Each structure stands twice: as structure tokens, then as C-alpha cells.
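Chemist: Dumping the structure here so I can ask a few things about it.
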Amino acid sequence: MRISFNEFYQGTLTRILTIQDSLNEKQNQAASGNKISKISDDPQASGRIINLERQIVQLNAFQVNVDAVKRHLNEEELAIKGYTNALNRIRELTVGIGNTGVLSTDDQNALLQEIRLIKEQIIDISNTQNATGEFIFAGYQVQNRPFNADTAGRIEFSGDQGQRILQVGTDTEIPINDSGQDIFMDIPAVADSFETTVNTGNTGTGIISRGRLTDLATWQAGSSETYNIIFNPLAPGMNFDVEAASNPGVPLPGFDDVPFVAGQEFEIEGITVSISGSPQPGDEFTIQPANNLDVFAMIDNLIDGVGSTDPDVQAFGISSALDNLDAALQRGVDIRAEIGARINVSEVSESFNEDIIFYGRESIGQDKDVDYAEVITDIEQLAFALEVAQSTFTRVQGLSIFNFLR
Amino acid sequence: MTDIFNIAATGLLNFQRAISTTSHNISNSTTEGYSKQQVVLGTKDPDFGGGFFLGTGVRINDIDRVVDDIINGQIQTNISLIRENQQFFNETTKVDSLLSDSATSVSATMDEFFSALQVANADPSNVTSRETLLRQTQAMVDRFHAVDRQLNTEISITNSSLNSFVSEINAISESILSINQVITSQVNPSPDSLDHRDRLIKDLAEIVSIRTLEQDNGSVSVTLSNGVSLVSGMSVNRIEAVTSESDSRILDFRLVNASGQSQLLDSSVVTGGQMGGLIRFRDEIIVPAINDLGRLALSIGDTFNQQHRLGMDLGDRIGQDYFNDVNDPNLVANRIFADSDNDGAATFDVEITTVADLTANEYVLTALPSAGYTLENVQTGSVVSFGSFPFTYDGFSITQTGGTMAAGDSYIINPTNNATNAFSAQLNDVNSIALGMPIRTAADGNNAGTATISTGEVLDTTNASFSIPQQLNPPYRVEFLDESNYRILNDASGAVIQAGPVAYNSAIVNEVFPIPAINSIPAQTAGVGTLTANGVGDLIINGIPIIAAAADGVSPAADSAASAIAIANAINNTTTTHGVTARAVTNEVNLGTYTPGTLVAGEFQINGVNIIDASGTQTGLLSSINASLGATGVSAALDNGEIVLTAVDGRNIQLSSAAVVGTANFTNFNIGIINSEVNRAAVVVSDDPGFGLGNMTIAGGNPASVGLVAGVTNQIDPGYRMSISGVPARDDVFTVGYNNGGVSDNRNGAALAGIQSSNIFNGGASTLNGLYSSMVISIGTKAYQAELNEQTANALQANLESRREEVSGVNLDEEAADLLRYEQIYQANARVLQTADQMLSYLFNALG
């Protein structure tokens, strides 16, 4: 084969340059620690890396959520713990009253005073605010104080049943709050409980008192009945009828066209109520059996019962309060257990996410990270090859006939 | 004696020339494209004298280039391949890094945007995290713009490179032409001119792929790879770069001949070389990347907007657009471009309808010669025909806004055009971020049952339910009358909306209130009707007249009335967009009590097929019927001892008999067959309750003729859904109302965050990030392939170059040997001259 002068130099030069190029690439790899600096270096591995990195970013967002979940739930748990402690204290006091049998008026008053204070404490707890000032038991309406007393002394819940849910794993979502309605309001009450309500659609501002039991036997005899207090739409002055819901249009004896006096108490079938404010003709108020009571009403009923002079009513007040308090406590304990379970789940998700992130990083590393032993060996080999090429070039290029033409 | 002088002189002269050729070789040993020249010696013509020929010395026949034209041709082809792939790879790598580097990638800002959304969701009422979200939104939008700008800059850079390549091509063509002129004017063209021309051809091949053909007269004609001529004979065609008609950003090329006439070069003509690589880079990388990015911007913008509009913000308002409206009037008209050769002047709007179905492709809309239009996907080549506008396809709709389209007119549609540039964040008030949902559901505190109500789902906030700000109109209240019945009231006024009792079937799932009252939905069965083929106005469903064909092709036709299949088809063809569907159901035909007896041809036909039975038994007759009717879609079975006919697809069943009932020939059945009787099938019409505003209105002059009851299905879609499940008790109450003050609600925020991982894009095949990463990976893969191609071509090139050098290169040792040889011969010739001189002096001395 004929080797031209050009080919001799150009070919050798090209080989040297090729080695230098490879050497440069390996040096870059060694310096950066990355095998892949752009996607075209290895499209397949790059595809894997992009997907894994995406997964890791998402999991990291979940990890941030886990922190938020734990923060919120721990706050709630503390509040509920305070709440169950308060309930336990009331329960102890109530049991004490029951056991004593006869209480002096002073003792009775002292006990009632403590129970009232604990009730205030529970109201405070139900209006717990977190570090950012949110009312944690208000559902979605966290900027409004959810538990407030109305003019009749009834504690009303103005929040809602909204639950905020955070995602802590690909398929795991955790509620981070519980509505005050579930915790404090809808507690199953003992039989023969009642509630008074203002009908939706009333046009006046009349409000009915909470009502208190004043004649146990009468109430128990008819306690499955609902009684409607109806302001006469046609009668000229303000007066009202009281009807049993099962017998509409027929006023109860003595309750036909009763003249209305704001704040005046009257007893309907064992329950004493009063209506204050300004009801309008056609407005309705209801006394009805209650399946559920709120914890505040339960405590109020206890206070009413203990303060009653009727021994039957007093005994019923104490015994029903014990059952009611047990139900409220049970609800508190249930919620605490659920909070604990949610914290557990979020922690399980957290460590699961961590594992996936770890393995994701590891497999990205396998695709992307340089194997130093390999790269250094390659560099050694290439450097050696370069030296050889350079030295042979200088040796061989002197071999020309012209060198011998003297 | 003078002969000897002359012979020596030829030797001296010619070897002097040979030495000068050798020294020419030596001095050009590193000249690029130089081919070794060699002197071809020959004997001079001999003299005839004295009866014999006497030699007269040496002469130079030719000074040749040593070349192998085949290798040169291969080099020329291969260099185009190398330059193309080199150019493509170098350009693509820049974009590859731009799109994949986390410092410049759109994907990274999308991640940060969604992470900020997650943080905001954890504390929806926290203004700081909302501010962060808005900042990340702007950062993401800015990144989209930056990348888009960079990609568009690449197009301008590409354009200026293409312009300079075009000038180079024209200059080289001119040079080749002038060398052609020199060469054809000479008998023996100089080897150096030939080398020069070869070098020019190679230079040209580096720019664009060409073919060359050497003519008999020594000139070379040059064409582009598909035969378009650049240099032919004694003329040159110039190339000109012009702005493309279909896309003002890019350049097309025209061929201009010597007399100034020009023609557009198809994009497939200019291939190979640096220019081909650049065009491929532009068409395969940049333009698709811009379109892909546009689609991503549309996808994220529209999907986010749609969900955001279903939400409620911190001020209890329904969510507004979060990003710009993808169907802004400024955008819709700029997605379609008329061809300059169009005769008509129709104008169109292109709206994005379903962003998830959108491709990043371009489409060509063409008016067919007679009637109708076609839409072709330029990238996939798939074509769809349609009859009229508006037409919806691949997630966009084309609406004609003016003018008329002449036959043959065409338009280019790019649904993603300008999308990234227009992408912008619309919200700047943190309070306007709609993380909450406008409804909230509640179970009453006094409920005794265990039923629960779901938190609900909002589908449409333009619904009348949300027509009054910060109110649900009306708020609903579901009251259970007992554990299996309920009624529905207006929760604000107490007015009864639906008295019921409505049956509660263990769960109310995604209920639409109130329950339809008039027509029985989901299915309404129509009876036998006389909806005739031209019975316009007989039946109108949701305002659309149903016109059924008289025949359906499978049912036996007995009268002019439309068959059930034809009516169902007519309904399905016209009202499916309203969620109304219909199907035909065959009414079974009972043949009645069987009396044993045989049947011969002509006595009894079902749907025109003769039933023949020689067995005289009922089971024999049954199998005869099934054997004969297989092809007609009708089958027979025994039911309670009687033969019953049915058909699977809802076709009519026709019984006919030549005989009159009761005659001796036809006594097998006790049914009264009158010569020919069609038992019509029924039509069942149903309305999908989940389908938008699912009202179904049945009207028309005679809907009763097909057994449908005129009226409106009293079904109201409130624009949201909720479910009640579990066991309710009497007097249990569930309500749904407006979510006033629900500042800590993150339900809509969670739905917004869900967009990141929802696999709905690209026709349900991809997530948002998937759209981006598949684009980046496809660019990386193309760059990788180009690099491989370049390496392969480089290896081949090295081989070809070394073969060329092997043939045409200058070897200095060889030249040294030649130099010594020619010097010796020159010396010897000088010696001859000396000898001749001495011979002459001997002679003179002898004479003297």
C-alpha cells in the first residue's frame, strides 16, 4: 500500500486527536462525577433518570405534607386530651354528688360553681386556635370562632363539617382536622332527652330558651312526641297555640291562644321553656325528643338537674348526666384514637416515601454516576496510548530519503 | 550527428519538465485536494532514412492527474452525510441542554409550581404560602417564555445560516461554471483546474447533497440530490431563500434560472450537507419543540383554568381564570393560515375544545372539488373527511367566521401556534386563588341513622345553582320520611322542591335533583309507530326533528312506516350530543298453540323465508325454523309449550302465508295470520343522567305514534354531585349549601394538585411532565442517532480519504526516487550531448 505524505501526517494526527478527545471526555467525567451531561449521551438512561427525578420531587412534596399532617394532628390531640380531662373531672364531681346523697346548699353551690368553670374551659377548648390563629374545630370556616352562646345561653356551632385532607403518599390521604360538630355537638344522648329549636323560615327574632325538665313523669309519659309552639297567624294580638305534632290543628289543653309575654316561662308536658325577643305571626318553635345532644347542653342539664328541688328530676339529672358524660368521653377517646391512627399512617407513609426516594436516588446514581475505578483505568490506558502515538510519530517522521540526500 | 544533439536535447528538455512536475508534486504535497501529477513519456516519431527508421528521442505525451473518480464520488456523497449529521448533532445538542438542564428546564419550574401548590393546600388560609404559589406561577410562566424565546432565536439563527449557505451555493455554482468554460476550451485541460473543480464540488457537497455528471466535452453538470439542476452545460440556476407562506418564521427555497424565472423547491429537495442538517434540525427539532411547548402551555393553562373555575376563593367567590383563556379572540384566528393560491376568502377561528386530546401536530384543511372538506394531519398523514363547519377533531374545533371556501382552497392549521407566547398568569391577588369548593354538605346534628353524605363534587359553576354570588340557588335539604324514602326541600325557604316520597335505594350516588318526574328515565320504551320516512315534525327530541328512513336494510318492510331500527338509528345519528341514545327491541311473536301437521313450501314464511316441515311434530318444526332462519337474525324457542320467535338486533318479524287462516293448508297454529303481517319492534329511548344538563324534551306532531310521551323530563342538573350512603333513620336531614367562610377548605386545591399526576394528556397517554419529558427524550434520542450516524460516516470518510491518498496523494520518498532517477537521466542526456560534441570535435580535428 502506498502511503502519501499527507496521509502519513494527517492519519497519525487524526489518531492522536481521537485519543485526546476520548481522554478529554473521560477527564470531564472524572471531574464532574457524571457519566451523562446531556440527554443524547444516553437517551435510555436519561429517560429513566427523568422519570425517577420526577417521582422524587413528588414524594418530597408528600414529605412536606407529612410534617404538616403531624403538626396539625398533634395540636388537635393536645386539645382533645384537655377536653377529656375536663370531662373526667366533671364526671368525678357528678359521681361525688350522687354518692353523698344529701348536700348542703353551700356544697351544692360550690360544686355547681366548679362545673360551670369547667364548662367555660371546655368552650375555650372547643374554640382552640393554632399558631396561625385558625380555629381548629371550625371545619372550613377557620377564621370564625365556631362555638358561641346565643341569647338563651345555648352554645351554637357556627362552623361546618369540612375536613381538610392532605396527600402523604401516592394513594394515601389523611384528614388533618375534625369538625367540632362531631366532637362536641352530635353526641348520642340518653333516652328522654329533648331539645328546643327555632324553625327555619321564622320571620321574627324570637328565640326559645334551652328548656329544662321540671316534671319527669309527665315528660316521660309523652316524650316521644314533638310539640310545636305556633304563633297565631290571624289573631290580632300576639298569641300562640301549642300542638302535638301527631295531632295538628288541635291545641293542647290550656294552650289555645296563649298571650305572648317575652321571657315568661311556661311548662309544656314537663318541660319549662320561655320565648324572648319578638316573634312574628306564623313563627314556630319546637320542643322535641333529642337523639343527640351537645356536650354543653349535657352539662347545662346536669346543672339544672342538680339545682332542682324535685328529687326525681334531680336524680334523673345526675344519672342521665353520667351516661351522657360517658358518651361524650367515649367520643373524645374515639377521636383521639383516630388521630393516633392517622399519625401512624402518616409516619408509615413517611418512611415508605423515604425508602422510595432512597432507592430512586440510588438507581439514578447507577445510571448517572461515574465509576471512578473504571474511568481512572480508562484514563491511564488512553494516556499511555497517546504517549506511544506521539513518540512513534516523532521517530517515524524522520525516515525520509531526503534526509539521506546530502 | 545533429540527430544525436536533437535526441539529447529532447531528453534534457523533457526530463527537466519531469523534474519540474516532481517538484510541483513535492511542493503541493500538503495542498488540499491536490492529485499527484505524473509525466507520461513517449518516443518521438522516428525518421525514415536509409531504409530504416531511426529514433528521434523522447517526448511528453501528457501530464496526468492520478485520480480514482469512483472514490472521489464516494467522498462527495459521504461528506454530505457527515456534514448533515454533524450540523444536526451540534445544533440539537444546544437545544438538548437547554431543555434538560434543570437551570433552564420548564419541567423544574413546573415541579416547583406544583410543590408550592401542595404547601398552599396544607394551609389554605395562609397568605404567605399563597404568595409563594403566585410567585412560582410567574416563575413557571417566565421559564416557558424564556425557553420559547430561545427556541425562536434558534430559528432566526438557522435562517441566517441558511441564507449564507444559499449564497455559498450560488458562488460555488458560478465558480464551477467558469472552470467548466475554461476546461471545455482546452484540448488538454490542466490537471490543476480539474483538481480545483473537484475541490469546489466537494465544498458544495459539504453544504448540500448533490450529484455530478461529467459530460463528453469535459464539463460537469451539478444537480441537487433529486435532479434539480444547479450547473448544467453553460448555465447556472441560483437558489433563493424566501419566507415560507405557511409559516412566516421559517425559510423556503426557490430555484431561479438564468432568465429570472423561479419555482418553489419542495422541502424534500434540499437535503444533506450542513444545510440539510440545519433544515432537519429546524423541522425535526425546533419547530416540533416550539409546538410541543405550546401544547404543554395550553394543557397546563386550560386544565388548570377549568378546575380553578370550579373552586371558591378566600372571598367566597367562584374561581376565575388562573391563566390566560386559551380561546382568547386574539389567539383563535391566528391558528389558521390561508394558502396564498386560495381563490376563496373564507376566514376561520380555531378553538381548543379538549386540551387533553390535543396533538403538537399541524393540519391541512382542504375544500374538496364537489362538496365537503378534508383535514390532514401533516405529521402522521392521517386524513379525515367532513361535511360542514364547525368541525371538531383532535381536541380543537374549526368554525367558519366569514367568506366562502372555493374548491381546492387549503389552510394550514397549527392549534398550538403562539400558545407559549400567550401563556400568562391572570391572577395577581392571593385572595383570588380558589383552593376551596363552593359547596359544603352537612348531616344534621340530630340524625339518628348511620347514613353519611359525601363532600360532593362541583362540575359546572356556570350552572344556575351558582347564579347568585355567595349563595347556592337553591340550597337543598334532603329529609328522610322513613329509612327508604325522602323528600327534597329548599333549605333556605323551607319550600318543597320535590314532595316525593322518593325511594332511597340504599345509596344516593351522584344524584341529580330532583328525580325526573315525567318521562321514565333512563329508559322509555316506544311502541309500534308510524314515524314515516318523510314525517318531518312527527317526533322532535331536544329540539331536533327525527327523520327515519323507511327501510333499515334488514327488516322486512310491510308499509311506509319506519322500522324500529331506522328510528333508533335516526335518533342515535342526530341526538347523541345531547346524551340521548336509542335502541330497537324486537317484540316477541308467539305462534300459539301447535296443532300437529306438515308444512310444504309456500304455505308459511317468516321474514320471507319458506318454512318446510315434514316431521309433523312441534320439535321438528322448531328445528326447521331455526335451520331456515339462521341468516335472517330471527330465532325460535319453546316457551310454555309454544313456539316463540325473537330477533337479536331489534328487527321486525314478518309472518306471511299464502293460505287463509283456518284452511286445510294452514292449521298448525291458532294465530290469525292475515296474508302478511309485520310485528313491529319497539324503540327504547334513554337519556344519560350524567350527561351535562340532562334534560330530554320529547315533542313533535305525533310522538305518541312511536309510543313516546311528549314533555320534558323534569330533570335538573345543579352543576354539582353528592352522595348519601348508609342507613338513614326517619327525620334524618342532609343539606348542601354555599361554602361561605370556608377559608380552610382545600378540596379544589387538591384537585388542582391532582392535575400534576393525572394521566389525561396526549389522548390519555401522558401526564403534564410526561409531555415534557417525552419531548426532551425524543430530542436527545435524535441527537444521539445523529452522533452515531456521524461517527459511522466519519469512519467511512477516513477510509475513503486514505484510499484517495493512496491513489492520488504525494509520497515524498517516491518523489525523491523520481527526482534522483530523472536527475540521472538528465545527467546521462548531458553525457550524450558531450559525447556528440566530442564526436564532432574528433571530426573537426581530423579535418583540421
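Chemist: In region B:115-125, how many residues are out of contact with any strand residue (DSSP E or B) (no Cβ under 9 Å at 6 or more places or on another chain), at the interface with chain A (Cβ under 7 Å from one of its Cβ atoms) and in a helix (DSSP H, G or I)?
Modeler: Matching residues across region B:115-125 total 2.
Residue by residue, here is whether (1) over 28 Å from B:Arg282 (Cβ atoms); (2) of a type in the set (A, V, I, L, M); (3) part of a helix (DSSP H, G or I) holds:
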site: B:Ser156; (1), (2), (3): no, no, yes
site: B:Thr184; (1), (2), (3): yes, no, yes
site: B:Val187; (1), (2), (3): yes, yes, no
site: B:His196; (1), (2), (3): yes, no, yes
site: B:Arg199; (1), (2), (3): yes, no, yes
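Chemist: Sort through A:Asp304, A:Asp241 and tell me the only one that's touching a Lys or Arg at 6+ places or on another chain (Cβ under 7 Å) and either in a strand (DSSP E or B) or in the same structural domain as A:Pro146 (by TED's automatic domain parsing) (or both).
Modeler: Residue meeting the stated conditions: A:Asp304.
Chemist: Further question: Considering region A:177-193 alone, what residues qualify as being within 19 Å of A:Ala149 (Cβ to Cβ), more than 9 Å from chain B (Cβ to nearest Cβ) and in contact (Cβ under 8 Å) with a residue 60 or more places away in the chain?
Modeler: Answer for region A:177-193, where residues must be within 19 Å of A:Ala149 (Cβ to Cβ), more than 9 Å from chain B (Cβ to nearest Cβ) and in contact (Cβ under 8 Å) with a residue 60 or more places away in the chain: A:Ile183, A:Phe184, A:Ile187.
Chemist: Out of all the residues in region B:782-836, which are more than 13 Å from chain A (Cβ to nearest Cβ) and in contact (Cβ under 8 Å) with a residue 40 or more places away in the chain?
Modeler: Residues satisfying the conditions are B:Ala793, B:Leu796, B:Tyr822, B:Ile825, B:Tyr826, B:Ala828, B:Asn829, B:Ala830, B:Val832, B:Leu833, B:Thr835, B:Ala836.
Chemist: Can you find a residue in region A:13-34 that is at the interface with another protein chain (Cβ under 10 Å from one of its Cβ atoms), within 30 Å of B:Arg803 (Cα to Cα), touching a helix residue (DSSP H, G or I) at 6+ places or on another chain (Cβ under 9 Å) and in a helix (DSSP H, G or I)?
Modeler: Yes, region A:13-34 has at least one match.
Chemist: Continuing with the same structure: Within region B:413-434, identify whether any single residue is more than 39 Å from the chain's Cα centre (by Cα) and farther than 23 Å from B:Leu134 by Cβ, and answer yes or no.
Modeler: No, region B:413-434 contains no residue that is more than 39 Å from the chain's Cα centre (by Cα) and farther than 23 Å from B:Leu134 by Cβ.
Chemist: Can you spot a residue in region A:349-360 that is within 17 Å of A:Leu73 (Cβ to Cβ), part of a helix (DSSP H, G or I), among the acidic types (Asp, Glu) and in the same structural domain as A:Ala68 (by TED's automatic domain parsing)?
Modeler: Looking through region A:349-360, at least one residue is within 17 Å of A:Leu73 (Cβ to Cβ), part of a helix (DSSP H, G or I), among the acidic types (Asp, Glu) and in the same structural domain as A:Ala68 (by TED's automatic domain parsing).
Chemist: To continue, here is another question. Quick one: is A:Ile174 within 12 Å of chain B (Cβ to nearest Cβ), touching a residue at least 40 places away in the same chain (Cβ under 8 Å) and either under 24 Å from B:Ser115 (Cβ atoms) or of a type in the set (Phe, Trp, Tyr) (or both)?
Modeler: yes
Chemist: Across region A:275-319, what is the total count of residues that are more than 30 Å from A:Ala86 (Cα to Cα) and surrounded by 18 or more Cβ atoms within 10 Å (Cβ to Cβ)?
Modeler: Total meeting the criteria: 5.
Chemist: Just to be sure before I move on: is B:Val269 closer than 19 Å to B:Ala419 by Cβ, surrounded by fewer than 24 Cβ atoms within 10 Å (Cβ to Cβ) and at pLDDT below 95 in the structure I sent?
Modeler: Here the answer is no, as B:Val269 does not meet what is asked.
Chemist: Identify the residue in region B:32-51 that is within 14 Å of chain A (Cβ to nearest Cβ) and surrounded by 14 or more Cβ atoms within 10 Å (Cβ to Cβ) and, among all such residues, is nearest to the chain's Cα centre (by Cα).
Modeler: B:Gly33
Chemist: Go through the residues of region A:82-94 one by one and say whether even a single one is within 14 Å of another protein chain (Cβ to nearest Cβ), surrounded by 20 or more Cβ atoms within 10 Å (Cβ to Cβ) and of a type in the set (A, V, I, L, M, F, W, C).
Modeler: no
Chemist: Sort through B:Gly592, B:Gly630 and tell me the only one that's touching a Phe, Trp or Tyr at 6+ places or on another chain (Cβ under 7 Å) and modelled with pLDDT under 75.
Modeler: B:Gly592
Chemist: Tell me which helices (runs of 4 or more DSSP H) are completely within region B:733-827 and hold 2 or more residues being under 30 Å from B:Val478 (Cα atoms), of a type outside the set (Phe, Trp, Tyr) and at pLDDT 90 or above, or say none if there are none.
Modeler: Counting at least 2 such residues, we get B:747-754.
Chemist: Quick one: B:Val269 ticks every box in (1) touching a residue at least 60 places away in the same chain (Cβ under 8 Å); (2) touching a Leu at 6+ places or on another chain (Cβ under 8 Å); (3) assigned to a loop (DSSP other than H, G, I, E, B) bar one, so which box is it?
Modeler: So the condition that B:Val269 fails would be (1).
Chemist: Also, quick follow-up: Residue check: is B:Thr109 within 13 Å of chain A (Cβ to nearest Cβ), under 11 Å from B:Val430 (Cα atoms) and assigned to a helix (DSSP H, G or I)?
Modeler: no
Chemist: Follow-up. If you check A:Gly169 against the conditions, is it touching a residue at least 24 places away in the same chain (Cβ under 8 Å) and of a type outside the set (Val, Ile, Thr)?
Modeler: Answer is yes for this residue.
Chemist: Please go through region A:62-76 and give me each residue that is within 7 Å of chain B (Cβ to nearest Cβ), over 14 Å from A:Asp171 (Cα atoms) and surrounded by 19 or more Cβ atoms within 10 Å (Cβ to Cβ), ordered by number.
Modeler: Result: A:Ala68, single match.
Chemist: Can you say whether A:Glu269 is in contact with a Gly (Cβ under 6 Å, 6 or more places away or on another chain) and under 24 Å from A:Ile208 (Cβ atoms), as far as the supplied structure shows?
Modeler: Considered against the rule, which asks whether it is in contact with a Gly (Cβ under 6 Å, 6 or more places away or on another chain) and under 24 Å from A:Ile208 (Cβ atoms), A:Glu269 comes out as yes.
Chemist: Applying the selection to region B:95-104, what residues are touching a residue at least 40 places away in the same chain (Cβ under 8 Å) and either among the aromatic types (Phe, Trp, Tyr) or assigned to a loop (DSSP other than H, G, I, E, B) (or both)?
Modeler: Answer for region B:95-104, where residues must be touching a residue at least 40 places away in the same chain (Cβ under 8 Å) and either among the aromatic types (Phe, Trp, Tyr) or assigned to a loop (DSSP other than H, G, I, E, B) (or both): just B:Thr104.
Chemist: Another one. Since B:Thr128 meets every condition but one in (1) surrounded by 17 or more Cβ atoms within 10 Å (Cβ to Cβ); (2) assigned to a helix (DSSP H, G or I); (3) within 12 Å of chain A (Cβ to nearest Cβ), which condition does it not meet?
Modeler: Condition not satisfied by B:Thr128: (1).
Chemist: Kindly indicate whether B:Ala434 is more than 10 Å from every other protein chain (Cβ to nearest Cβ), touching a residue at least 12 places away in the same chain (Cβ under 8 Å) and either buried (at least 20 other Cβ atoms within 10 Å of the Cβ) or assigned to a loop (DSSP other than H, G, I, E, B) (or both).
Modeler: Judged against the criteria, B:Ala434 is a match.
Chemist: Just need a number here: residues in region A:276-297 that are at pLDDT below 90 and either outside any strand (DSSP E or B) or more than 14 Å from chain B (Cβ to nearest Cβ) (or both).
Modeler: Result for region A:276-297: 10.
Chemist: Just name the residue that is farthest from A:Glu156 (Cα to Cα) out of those in region A:194-220 that are surrounded by fewer than 20 Cβ atoms within 10 Å (Cβ to Cβ) and within 14 Å of chain B (Cβ to nearest Cβ).
Modeler: It comes out as A:Thr203.
Chemist: Search region B:91-108 for residues being surrounded by 22 or more Cβ atoms within 10 Å (Cβ to Cβ) and of a type in the set (Ser, Thr, Tyr), and hand back the single one that is farthest from B:Asn769 (Cα to Cα).
Modeler: It comes out as B:Thr92.
The values are calculated or read from the model by the stated rules, or taken from the named source; none is laboratory data. The structure displayed is predicted, hence computed values, not measured ones. Heads up, the Cβs are rebuilt from the backbone with ideal geometry, glycines too, and the neighbour counts pull from every protein chain shown.
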